[in-house]
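This report refers to the structure that appears directly beneath it.
The values are calculated or read from the model by the stated rules, or taken from the named source; none is laboratory data. Bear in mind the structure is a predicted one, so any value in this text is a computation, not a measurement. Neighbour counts are summed over all protein chains in view; Cβ atoms, including those assigned to glycine, are modelled from backbone coordinates with ideal geometry. The accessibility values were calculated without ligands, DNA or RNA, using every heavy atom of the protein model including side chains. Shrake-Rupley method; radii C 1.70, N 1.55, O 1.52, S 1.80 Å.
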Amino acid sequence: RKDPDLFLKPKSWQKENVMEPSTVYTTNAEWLDESDRTIFVACSDPRFYPAHREFVHEHLRLERPASIIVPGGAAQFLWSASYFFAMQPMVVLLDQKYHIERVVAIAHKKCAYYAHKYPHLTDELVVHKQHSDLHTFKALASKLCPRASVECFYETPAEKHVQFFRIE
């Protein structure tokens, strides 16, 4: 027989005396309640993380962009992606909260997302597909964030460094 008050009874995790968690680390970085009013979208490939960080801070001069870092980066927002329906509302939410004025997206050479999704394409055709997807993303981001300028870049390893190219 079911207890009618089952959902009204406190659960073990709903204790009245909740203990405060103990601090495990405090940053040197200063916390500020502000934003660059920019969304940065990139692939989560860890090989490119240091280059992304440098590009964002040194070239784009951004300190606090709202970052969306997922496999495939901007490709995840397109209709052809499995979870586009979950990704697009994220951009709308960030725009509503931070009044986004700039969206920056980066795709990169030898992306595992594209290799997995399009195994039949040659390396040259994958690059063409990525550029096409960045153009599609640019149009979509302009609709999702109507006040924002949208910039797209393509990055590729060059010896021991990474080069970035603007996609017009």
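Non-local amide H neighbours of VAL150 (under 5 Å, H modeled in plane, Pro and chain starts lacking H): which ones?
Amide H to amide H, under 5 Å and 5 or more residues apart or across chains, VAL150 pairs with VAL103.
Using 0.36 nm per residue, how much length does the chain from HIS128 to GLN96 gain when fully extended, once their Cα-Cα distance is taken away?
Details: separation 32, 0.36 × 32 = 11.52 nm, distance 3.28 nm.
Here the answer is 8.2 nm.
Considering the Cα trace of region 86-168, what is its radius of gyration and what is Dmax, both in angstroms?
14.4, 41
For THR122, what charge total do you get from the other residues with a beta carbon under 14 Å from its beta carbon, if Lys and Arg give +1 and Asp and Glu give -1?
On the way: positive: LYS109, LYS110, LYS129; negative: ASP123, GLU124.
Neighbourhood net charge equals +1.
When the accessible area of the chain is computed with all protein chains present and a 1.4 Å probe, what percentage of it is carbon and sulfur?
Details: 6700 of 11950 Å².
Here carbon and sulfur together make up 56 percent of the probe-accessible area.
Only Lys, Arg, Asp and Glu count, each charged at its Cβ (+1, +1, -1, -1), so figure out the dipole size of the chain about its Cα centre, rounded to 20 debye. Mind showing how you got there, number by number?
Working: 21 positive and 21 negative charges, 121 e Å.
Here the size comes out at about 580 debye.
Please work out which option in (1) 20.1; (2) 18.4; (3) 19.2 gives Kirkwood radius over Cα pairs in Å calculated from these coordinates, and answer with its label.
Identified label for the calculated read-out: (2).
Within 10 Å, at most 11 other Cβ atoms, and a DSSP state outside H, G, I, E, B define an exposed site. Report the longest part of the chain free of exposed chymotrypsin sites (Phe, Trp or Tyr not before Pro). Write out the running numbers ahead of the final one.
Values: sites that count: PHE7, TYR25, TRP31, TRP79, TYR83.
By the stated rule (loop sites, at most 11 other Cβ atoms within 10 Å), 84-168.
List, in order, the whole-Hz ³J(HN,Hα) value for each residue of region 22-39 obtained from phi through the Karplus relation with A = 6.51, B = -1.76, C = 1.60 and θ = phi - 60°; use x for Gly and Pro.
7, 5, 10, 6, 10, 6, 7, 5, 7, 8, 10, 8, 8, 9, 7, 6, 10, 9
Show me the trypsin sites (Lys or Arg not before Pro) within region 51-102 that DSSP assigns to loop and that have at most 15 other Cβ atoms within 10 Å of their Cβ.
Details: sites: ARG53, ARG61, LYS97, ARG102; in loops: ARG61.
Listed in order of number, the matching sites are ARG61.
Give the accessible surface of the chain per residue, rounded to a whole number of Å², with probe radius 1.4 Å and ligands, DNA and RNA excluded.
Numbers: 11950 Å² over 168 residues.
For the chain, the per-residue accessible area is 71 Å².
So in the chain, what percent of DSSP beta bridges are antiparallel if you round to the nearest 5? Mind showing how you got there, number by number?
Details: 7 of 22 bridges.
Roughly 30 percent of the beta bridges in the chain run antiparallel, per DSSP.
Give a residue-ordered list of calculated ³J(HN,Hα) values for region 114-128 (Karplus: 6.51 cos²θ - 1.76 cosθ + 1.60, θ = phi - 60°; whole Hz; x for Gly, Pro).
Karplus-based 3J(HN,Hα) across region 114-128 equals 5, 4, 6, 6, 10, x, 7, 8, 6, 4, 5, 6, 5, 4, 4 Hz.
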